[in-house]
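Everything on this sheet refers to the single structure shown next.
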Amino acid sequence: MDSAVPLLMLAFAGILAGGAFSLYRQRSTAFSIVITGLLAVLAAAGGIFWLLPG
């Protein structure tokens, strides 16, 4: 289970990044695009930091 968590977090980051791009293409509000993009960055950072030793 320990090795599945970063994979799931990185997959979730990809889904959120795709959602942010989709929101951008649909000319959604800037607030929703920024929030979705920030959540994608946080999920990706969490997945990467989970993989770091220590």
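Bear in mind that the values in this text are calculations on the coordinates, not laboratory data. This structure is a prediction, so every number in the text was calculated from the model and none was measured. Every residue, glycine as well, gets a Cβ built from its backbone with ideal geometry; the counts of neighbours run over all protein chains shown.
Brief remarks on what is shown
- Helix-only mean residue ellipticity at 222 nm for the chain, each DSSP H run of n ≥ 4 adding -39500 (n - 2.57), per residue, nearest 500: -28500 deg cm²/dmol
- Counting every alpha-carbon pair across the chain, the share separated by more than 13 Å comes to 57%.
- The chain: angle of helix 4-25 to the longest principal axis, Cα-based, in degrees nearest 10: 10 degrees
- By average C-beta atoms within 10 angstrom, highest first, the peptides 21-31, 2-12, 36-46: 36-46, 2-12, 21-31
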